[in-house]
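Structure, as structure tokens:
All of the numbers you see were taken from the coordinates with simple rules; none came from a lab. Everything numeric here is computed off the predicted structure, so don't read it as measured data. With ideal geometry, Cβ positions are generated from the backbone for all residues, glycine too; neighbour counts draw on all protein chains shown.
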Amino acid sequence: MSASDQRPEPSAQPQFSETQPQFSETQPPQRDELLAMAYSDQQLQGEERVQFELRLADDCELAQRVAEYQHLAVMARNARAPEPMDQEWARLRRSPLQQALSRLGLWLLLGGMLSICGVALARLWTSELSSGLKLGSAAAVLGTLLYFLAALRARLRTRAYDSYRSVRR
Amino acid sequence: MILTTTDHVPGREVQAVLGLVKGSTVRGAHAGEDMQAWFKNLVGGELEEYTALLAGAREQALDRLVADARAKGADAVVGLCFSSCEITAGAAEFLAYGTAVRLTPQKSS
């Protein structure tokens, strides 16, 4: 019997509360929490599922809770004995020398790339090129930056709901 | 939900075939992971970043397949297959597909 089979099933006629759900680690699970568990296990059917999904669209805390349960389910599915190499990787990641090498390398690389981009832009701006070309170049750089920021913002906003980031193999 | 790559489930009979079910996803590694993998590729060994990328894609595709099967009222997916291809550099597309069925206990003859 799986863990999900042991969870209490929500009744056929849900009484959805309009207030914010109150989740607590120490209190017995409330109805919203039971619904979140059932939804994560894909046990909600029909109208009950539709109603819950409508609430998910507006309720950030509830969506977060569902994501946490989905994350747990994925982790449980992937739980297995670590390989010897996993332990060595973990040891290496904790090693101050390894951390220093990685971080220093990353920051030097990022800093160098930003410097090169900055110098190139400054050269372009002070060059003899026509102002139309300069404005076009500036617009292209700005557009790329804005596009990247939009993608980054979307990723950061949805990252918490992505249950598949910690799957290792 | 029983997931099996075989066409039959021992001890059960297929009561109804509910049709094709599938789940797919395309997941990408971020630039930092790509860079780490590139350096590891120079010296050999497992590219953990891409192992994890593929594993995450596989699990997500499988979850979507299960959701699809549940929506059809199935209690098993038989003939389960995985398919993977590279849709863009540094990303993994994973497709899981199979046949959703409803099972009953096998009648003893």
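General observations
- For the condition surrounded by 11 or more Cβ atoms within 10 Å (Cβ to Cβ), basic (Lys, Arg) and over 30 Å from A:VAL141 (Cα atoms), A:ARG80 does not qualify.
- Residues (in contact with a helix residue (DSSP H, G or I) (Cβ under 7 Å, 6 or more places away or on another chain) and under 26 Å from B:MET35 (Cβ atoms)) located in the range A:107-147: A:LEU121, A:VAL141
Conditions tested, residue by residue: (1) out of contact with any strand residue (DSSP E or B) (no Cβ under 7 Å at 6 or more places or on another chain); (2) away from every other protein chain (no Cβ under 12 Å); (3) of a type in the set (Val, Ile, Thr).
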position: B:THR25; (1), (2), (3): no, no, yes
position: B:GLU33; (1), (2), (3): yes, no, no
position: B:ALA71; (1), (2), (3): yes, no, no
position: B:CYS81; (1), (2), (3): no, yes, no
position: B:ALA96; (1), (2), (3): no, yes, no
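- Counted residues, the range B:25-35 - those being surrounded by fewer than 19 Cβ atoms within 10 Å (Cβ to Cβ) and in contact (Cβ under 8 Å) with a residue 12 or more places away in the chain: 4
- Test: A:GLN43 is within 13 Å of chain B (Cβ to nearest Cβ), within 26 Å of the chain's Cα centre (by Cα), polar (S, T, N, Q) and not in a helix (DSSP H, G or I): yes
- Residues in the range B:41-52 that are more than 9 Å from chain A (Cβ to nearest Cβ) and within 18 Å of B:GLU86 (Cβ to Cβ): B:ASN41, B:LEU47, B:GLU49, B:TYR50.
- Scanning the range A:63-116 for residues that are small (Gly, Ala, Ser), within 11 Å of chain B (Cβ to nearest Cβ) and without any contact (Cβ under 8 Å) to a residue 40 or more places away in the chain gives A:SER102, A:GLY105.
- Single residue of the range A:130-169 satisfying the filter (more than 11 Å from chain B (Cβ to nearest Cβ) and within 9 Å of the chain's Cα centre (by Cα)) that is nearest to A:LEU114 (Cα to Cα): A:LEU156
- Some residue of the range B:51-60 being among the polar types (S, T, N, Q) and under 30 Å from A:MET85 (Cα atoms): yes
- Taking the range B:48-107 as the range and being under 10 Å from the mean Cα position of the chain (by Cα), under 20 Å from A:TYR39 (Cα atoms) and without any contact (Cβ under 8 Å) to a residue 40 or more places away in the chain as the test, the residues that pass are B:GLU59, B:GLN60, B:ALA61.
- For B:THR6: the one exception among (1) in a strand (DSSP E or B); (2) among the polar types (S, T, N, Q); (3) surrounded by fewer than 17 Cβ atoms within 10 Å (Cβ to Cβ): (1)
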